[in-house]
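The values are calculated or read from the model by the stated rules, or taken from the named source; none is laboratory data. Because the structure is predicted, anything quoted here is derived from the model rather than measured. Ideal geometry is used to build each Cβ from the backbone, glycine not excepted, and the neighbour counts take in all protein chains shown.
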Amino acid sequence: MTQFRSMSAPAHCIQRTQLDGQGSRVPLSTSVPFSAPPAWVPFDYRQPDAAHWLNTTPQLNEAAHTALLGQSSRPKLMRQGGNLLLNLRGINHNQGQNPEEMVALRIFINPQLILTSRGRPLLSEQDVYARLQDSHGPTNAADWLIEMCDALTDRAGEFVDNLHEDILTLEEVVLEQGNISDNDLNLGRIHKQLIIIRRYLSPQRDLIARLASEKIDWLDDNHRRRLQDIAERLRRWLDDLDVGVARTTLLADEINNMMTQASTGGLIKYLSWH
């Protein structure tokens, strides 16, 4: 890709912007330069012209074509010289969709160019863009990568915290008030969400920890330390998810016991009248 000085991005990419090196952004026209600080061009691969560009542009090789077009959604890291290809996942905040149906964000990144691709809106991506709008964003490709990992982790942590609040509410209603009507259904939903989110976040934590140890010349020691901190935060969220699974399992057992006791009490009362 170094033989190209610029590229022409499709009209229907989500936006075209270049980091200004000071934490802000410069809007771009259809011509996207390959220079540092890098341009960032996010795509919605469901758009036909975006998908066609991602599949045919000579600036990317076949592995990048495949990665950015959404052929795989599991967390993944590939190195190609100074280029990185990553698949990451974020909490799904889209209306009418389940949060645990996580949104895959596919990334091609080097010091001169950042391309991202996803099939649904992602708040974490919007978070990083908003920081650029406020002039508090990343200044280079390494900072951008770390801030995106950080935003994905923050949104995941918020969701895990909300699940724990839901569990606390159910514990109060069931254990203190003895109310089990419909709460077993809510408990089943929370238990499922905990398991699915953990299944997705565990490999993402491993990927970020691996990224912190990779010998990439445009990541310095401070960048690696920040990635290690993010991986550690993800580990703590995973521990919290394990605790949540255990608590929901115990609460389900308690609901089953209460239902059994209620059923047995009803049968004894029925027999006493007959």
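Here is a list of conditions, (1) β-branched (Val, Ile, Thr); (2) touching a helix residue (DSSP H, G or I) at 6+ places or on another chain (Cβ under 9 Å); (3) modelled with pLDDT of 85 or more, and VAL41 meets all of them except one; can you say which number that is? It fails just one condition, (2). When SER24, SER29, SER6, SER35 are checked against the criterion of being touching a Pro at 6+ places or on another chain (Cβ under 7 Å) and either surrounded by fewer than 21 Cβ atoms within 10 Å (Cβ to Cβ) or at pLDDT below 85 (or both), a single residue qualifies: SER6. Listed by position, the strands (runs of 3 or more DSSP E) contained in the stretch 25-127 that have at least 3 residues being under 26 Å from ASP220 (Cα atoms) are 39-44, 76-80, 83-90, 103-110, 113-118. The set of residues from the stretch 73-114 being surrounded by fewer than 15 Cβ atoms within 10 Å (Cβ to Cβ) and aliphatic (A, V, I, L, M) comprises just one member, MET78. Of everything listed in (1) within 26 Å of ALA156 (Cβ to Cβ); (2) touching a residue at least 60 places away in the same chain (Cβ under 8 Å), the single unmet condition for GLN112 is (1).
In the stretch 201-228, the residues that are at negative phi form Cβ pairs under 6 Å with partners that are part of a loop (DSSP other than H, G, I, E, B) and surrounded by 15 or more Cβ atoms within 10 Å (Cβ to Cβ), at six or more places apart or across chains, as follows: PRO203/PRO75; GLN204/PRO75; LEU207/PRO75; TRP218/PRO111.
One residue is enough: does the stretch 55-74 have a residue meeting the conditions in contact with a Ser or Thr (Cβ under 6 Å, 6 or more places away or on another chain) and either among the aliphatic types (A, V, I, L, M) or closer than 21 Å to LEU211 by Cβ (or both)? For the stretch 55-74, residues in contact with a Ser or Thr (Cβ under 6 Å, 6 or more places away or on another chain) and either among the aliphatic types (A, V, I, L, M) or closer than 21 Å to LEU211 by Cβ (or both): present.
A search for C-beta distances below 6 Å between a residue of the stretch 115-140 that is touching a residue at least 12 places away in the same chain (Cβ under 8 Å) and at positive phi and any residue that is outside any strand (DSSP E or B) and among the small types (Gly, Ala, Ser), counting only pairs 6+ apart in sequence or on different chains, returns SER135/GLY23; SER135/SER24. For the stretch 190-208, what are the residues that are buried (at least 17 other Cβ atoms within 10 Å of the Cβ) and not basic (Lys, Arg)? Passing the criteria: ILE190, HIS191, GLN193, LEU194, ILE197, TYR200, LEU201, GLN204, LEU207, ILE208. Taken over the stretch 191-200, the criterion of being of a type in the set (Lys, Arg) and without any contact (Cβ under 8 Å) to a residue 60 or more places away in the chain is satisfied by ARG198, ARG199.
On the stretch given as the stretch 19-48, residues that are of a type outside the set (A, V, I, L, M, F, W, C) and within 20 Å of LEU105 (Cβ to Cβ) total 7.
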